[in-house]
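I have placed the structure first, in the form of structure tokens, so that the comments after it can refer back to it.
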Amino acid sequence: MQLDIVVAFFLLGAVATLSRASFEVPKAIYRGCTLFLLLAIGIKGGMAFTAYPLGVLIPQALIIIAFGLILPFIAFPILYKIGGWTREDAASTAAHYGSVSVATYAVSVAVLEAQGITYEAYFPLFVALLEIPAILAGLFIAKPKIFMSKAFPRALHEMFFNEGVLLLIGGLIIGAWGGDRTERLMPFFGDLFHGVLALFLLELGRQAATRINDIKRQGPFLASFSIAMPLLAASLGYLLAVYVLNLSAGGVFLLMVLASSASYIAVPAAMRSALPEANNSLAITASLAITFPFNVLVAIPLYLSLTQLGS
């Protein structure tokens, strides 16, 4: 299993931080990379979006939404019953693991493109759709009555107008509406994609390494959950992709990656707004410092090998 070259930049950021080097990607550049990747993924998906009939897209989209709703209900009892976490902490973390990481998805797309493996071009739609159901499920698990509270409208706004959903959907619409005219943007959004992703991963490596002490404080349960839950979700994603959605080998791989990933941008913002009593640092430590490195270093090469063997 060979790692993609962009992953080396994640390792570089982590090693530099652990070595106590004076290093940090400027926040403005990191923010710019985030915006670029979200738009690039959306636009590239939107350009090919019109090639697929709605009769195919709508049923698959509904199944993906249901999948996103189910995952937090699988994660919650593990955290609540086995881990002994409070209901709020367990529900919040479960929501993170029902949602997705755009960075993990970007790495997986880079891997497929580097190897010339095709996949369903409408996958950015799935990325956007999986952001929202998990937040709703997490809030329902924590406090069913929260949907009638004053905090819910703020959370609802974060769900639909958070950076990830807004730019992904916006990019999809622009790419689909622009058609052939969008090709003029591709020297920027296409050719520079891997370079911007490398710079983004450099900073993520630094951020992940700064949470090593948090992992030590939480003990083995957090680390075990942060690896076992992605593997369980990826297995369910594989069954869904192969036996229900009938995706291509590239599509099976991407759905496994999406199922395996965990949010550390969109979901924390919504949870801080609607569930402030939850300890979001637990979820962010798990998703960013454990699950994300596990996915890019181990799981992505593993899933790709498995899907290639099965194709």
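The values are calculated or read from the model by the stated rules, or taken from the named source; none is laboratory data. Predicted, not measured: the structure shown is a model, and the values here were computed from it. Cβ: placed from backbone, ideal geometry, glycine included. Neighbour counts: every protein chain shown. Note: areas computed on protein heavy atoms with side chains; ligands, DNA, RNA excluded. Shrake-Rupley method; radii C 1.70, N 1.55, O 1.52, S 1.80 Å.
For Met47, the solvent-accessible surface computed with a 1.4 Å probe is close to 50 Å², ligands and nucleic acids excluded.
Of the residues Ser101, Cys33, Gly45, the one whose Cα sits farthest towards the positive end of the charge dipole of the range 12-114 is Cys33 (charges of +1 on Lys and Arg Cβ, -1 on Asp and Glu Cβ, taken about the Cα centre).
Between the range 250-271 and the range 211-234, how many Å separate their Cα centres? Going from one Cα centre to the other spans 16 Å. Set the Förster radius R0 to 35 Å, insert the Cβ-Cβ distance between Leu306 and Phe221 as r into 1/(1 + (r/R0)^6), and round the FRET efficiency to 0.05. The calculated FRET efficiency here is 0.80. In this structure, Leu54 and Leu18 have a Cβ-Cβ separation that, at R0 = 45 Å, corresponds to a calculated FRET efficiency of about 0.35. Using equal-weight Cα scatterers in the Debye expression, the normalised intensity of the range 202-287 in log10 at q = 0.11, 0.17, 0.18, 0.22 Å⁻¹ is -0.40, -0.84, -0.90, -1.07. Backbone N atoms of the range 188-203 closer than 20 Å to the 7 Å Cα→Cβ label point of Ala114 belong to residues 189-203. Between Gly237, Gly250, Gly116, the GNM of the chain built on Cα springs shorter than 10 angstrom shows Gly116 fluctuating the most. Of all lysines in the structure, the ones whose alpha carbon falls short of 25 Å from that of Lys143, not counting any fewer than 8 places away in one chain, are Lys81. Among residues other than Ala198 with Cβ under 15 Å from its Cβ, the summed charge is -3 (Lys and Arg +1, Asp and Glu -1).
The order of His96, His157, His194 by accessible area, most exposed first and with a 1.4 Å probe, is His157, His194, His96.
Dipole check for the range 188-311: with +1 at the C-beta of Lys and Arg, -1 at the C-beta of Asp and Glu, and the Cα centre as origin, the magnitude is about 260 Debye. Rounded to the nearest 20 debye, the dipole size of the chain about its Cα centre is 760 debye, using +1 on the Cβ of Lys and Arg and -1 on the Cβ of Asp and Glu. Computed with a 1.4 Å probe over protein heavy atoms only, the accessible area of Asp4 comes to about 30 Å². Computed with a 1.4 Å probe over protein heavy atoms only, the accessible area of Thr118 comes to about 110 Å². Summing charges over neighbours of Gly250, with a neighbour being any other residue whose Cβ is under 11 Å away from its Cβ, gives -2 when K and R count +1 and D and E count -1.
Counted by Cβ distance under 12 Å from Gln218, the other residues give a net charge of +1, where Lys and Arg count +1 and Asp and Glu count -1.
Just to be sure I follow the definition: excluding the sites themselves, where is the longest run in the chain that has none of the trypsin sites (Lys or Arg not before Pro) in a DSSP loop with at most 11 other Cβ atoms within 10 Å? Counting only loop sites that pass the neighbour cut-off, the longest clear stretch is 151-311. Each residue, Ala28 and Ile74, gets one label point 7 Å from its Cα in the Cβ direction; the gap between the two is 4.4 nm. The helix-only estimate of mean residue ellipticity at 222 nm for the chain, built from DSSP H runs of length n ≥ 4 each weighted as -39500 (n - 2.57), is -22500 deg cm²/dmol after division by the residue total. Each Cα pair under 8 Å and six or more residues apart adds its sequence gap; the mean of these over the residue count of the range 120-261 is a relative contact order of 25 percent. Rounded to the nearest Hz, the phi-derived 3J(HN,Hα) couplings of the range 127-140 under the Karplus curve 6.51 cos²θ - 1.76 cosθ + 1.60 (θ = phi - 60°) are 4, 5, 5, 6, 6, 8, x, 5, 5, 4, 5, x, 5, 5, where x marks glycine and proline. Note on the chain: with a GNM built from Cα contacts shorter than 10 Å, the maximum mean-square fluctuation among Glu203, Glu88, Glu163 falls on Glu163. Among the listed values [x] 20, 33, 21, 16, 9, 1; [y] 32, 51, 9, 6, 2, 0; [z] 35, 60, 5, the one computed from these coordinates for P(r) over Cα pairs in 20 Å bins from 0, in percent is [z].
Pairs of Cα atoms nearer than 8 Å and 6+ residues apart set the relative contact order; for the range 63-109 it is 42 percent.
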